[in-house]
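Take a look at the structure below.
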Amino acid sequence: MKVKTFPLSKARLDEAVRRFPTPFYLYDEGAIRENARAVLRAFSMFPAFKEYFAVKALPNPFILKILAAEGFGTDCSSYPELLLSDMAGIRGEDVMFTSNETPAGEYRAARDLGAIINLDDFTHIDFLEKATGLPPVLSCRYNPGPLKGGNAIIGKPEEAKYGFTRDQIIRAYGLLKEKGVRRFALHTMVASNELKEEYHVETARLLFELAVEIWEKTGVRLEFVNLGGGVGIPYRPGEEAVDYGRLAAGIREVYEGIIVPAGLHPLGIRTEWGRAITGPYGWLVSRAIHTKHIYREYIGLDASMADLMRPGLYGAYHHITVPGKEEAPAEAVYDVVGGLCENNDKFAVQRPLPRIEAGDYLVIHDAGAHGRAMGFNYNGKLRCGELLLRPDGEILPIRRSETVEDYFATLDRAALAEFDGPYDLKERP
Ligand SMILES: *Cc1c(COP(=O)(O)O)cnc(C)c1O
């Protein structure tokens, strides 16, 4: 069984906490860089591979700069995410804009940045044309729906709101060509947190077959296919990580079987992974502030679901370790909880752990993607900050924790001061 690790010793953690009180997120830059390089190495067998990091997974421009330096682009889905990408110096065709229910202003912002727009729907062709005119390069998002013969692991794309149907997408390429679009791409995203390589290989097969059909029916030759995100990470200690080499080799095999004989080689391969890039290399570091003994044993943390929503939202498993007690037997069973007035504010339910006392650190693992990003302010909870562990061991704050001033920033306090009249119901018109 693989052991979950945390990059700071207890002594270094004590030292860090003196400067940066818990709770906070810590990201390991060296590990993120090594992982990025491993992805690129595995996929270097393709003529034009590019990974566009899904910004929503970890929307911090320091992280984006690290990934840009490793050769990644970004996948953005909103105006603020486009701004984050721009802030990190990632612009032009290094940006994919994969949005849905997109306001016209966001399409304009994507065009201004030079991003490759990935259309979510047939009606968006007309919508985009009116908003900005059609760009010379466009991608379309495919929703495979109820696939012929079905595929147990693909789940139910027909219930998903995203993308074009097969008929629509073929018509779309024909129409876009007529309207003067010159360069084309095809995208799909049909899974989340999927650990099986063959699942992702099947997604590639689906897109390659469609690329051939598009070529045969419309004469449009795609520049690249984008396999989307959804590559899983082993949240549980016993799970196996995706083997990038095996994944790339599997995709290469279907590429050789479909794209090469159809005369469509070279075809670019793109991905927009989020979770797999940063997920395992981020930790939420918190402290036990209370222990409570009622019908169950509870450990109350200084972090809450407002800092990490996945367990409460999806019942997702996040491994928890207690620095300094790594070798202690897991002889207690706890619900590990935050302070929201919501009973699903639980990081772990009935989890065997070493005996915990108030003051102990609790490290919540695999929080480097869809972690702080999903945070919120319900119950007046202030979201925690983010620290970066540099390869030389330095700890750099890359986002401070929120203050009450941040929480109040959207209120007009001058108007509030004026707003004080007693109200006589009889005066209602
Ligand atoms: C969320 C999302 C991603 C990233 O998903 P991961 O599971 O983090 O890899 C990529 N593309 C699109 C369109 C998404 O919505």
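The values are calculated or read from the model by the stated rules, or taken from the named source; none is laboratory data. As the structure is a computational prediction, the values presented were derived from the model and not from experiment. Cβ atoms come from the backbone with ideal geometry, glycine included; neighbour counts cover every protein chain shown. The accessibility values were calculated without ligands, DNA or RNA, using every heavy atom of the protein model including side chains. Shrake-Rupley method; radii C 1.70, N 1.55, O 1.52, S 1.80 Å.
For this structure, a couple of remarks:
- Residues of the range 66-81 classified as within 14 Å of the ligand (Cβ to nearest atom) and open to solvent by less than 40 Å² (accessible area, probe 1.4 Å), total: 8
- Conditions (1) more than 16 Å from the ligand (Cβ to nearest atom); (2) open to solvent by 30 Å² or more (accessible area, probe 1.4 Å); (3) not hydroxyl-bearing (S, T, Y): number failed by M309: (1)
- Residue pairs meeting the criteria (Cβ under 7 Å; at least 6 apart or on separate chains; first within 14 Å of N35 (Cα to Cα), in the range 62-82; second open to solvent by 40 Å² or more (accessible area, probe 1.4 Å)): I66/R33; A68/G89; E70/R33; E70/R37; G71/L40
- When residues in the range 312-348 are screened for being open to solvent by 50 Å² or more (accessible area, probe 1.4 Å), farther than 23 Å from E386 by Cβ and not in a loop (DSSP other than H, G, I, E, B), 1 of them pass.
- Here is the figure for the range 216-240: residues that are away from the ligand (no atom under 13 Å from the Cβ) and either under 17 Å from D120 (Cβ atoms) or assigned by TED's automatic domain parsing to the domain that holds H365 (or both) total 1.
- Restricting attention to the range 349-394, the residues that are assigned to a strand (DSSP E or B) and within 22 Å of L84 (Cβ to Cβ) total 5.
- Qualifying residue in the range 199-215 (condition: surrounded by 21 or more Cβ atoms within 10 Å (Cβ to Cβ), among the small types (G, A, S) and within 12 Å of the ligand (Cβ to nearest atom)): no
- Residue satisfying all of: in the range 36-59; open to solvent by 10 Å² or more (accessible area, probe 1.4 Å) and assigned to a helix (DSSP H, G or I); nearest to the ligand (Cβ to nearest atom) among these: K56
- In the range 389-415, the residues that are under 25 Å from I66 (Cβ atoms) and open to solvent by 70 Å² or more (accessible area, probe 1.4 Å) reach residues that are among the small types (G, A, S) and outside any loop (DSSP other than H, G, I, E, B) with C-beta atoms within less than 7 angstrom, at least six apart or across chains, in these pairs: P391/G30; R399/G385; R400/G385.
- Failed condition for R252, given (1) touching a residue at least 60 places away in the same chain (Cβ under 8 Å); (2) open to solvent by less than 20 Å² (accessible area, probe 1.4 Å); (3) over 27 Å from G133 (Cβ atoms): (2)
- Pairs are defined by a Cβ separation below 8 Å, a sequence spacing of at least 6 or placement on different chains, a first member in the range 262-274 that is on the phi < 0 side of the Ramachandran plot, and a second member that is of a type in the set (S, T, N, Q) and within 16 Å of the ligand (Cβ to nearest atom); the pairs so defined are R270/N226; T271/N226; E272/T98; E272/N226.
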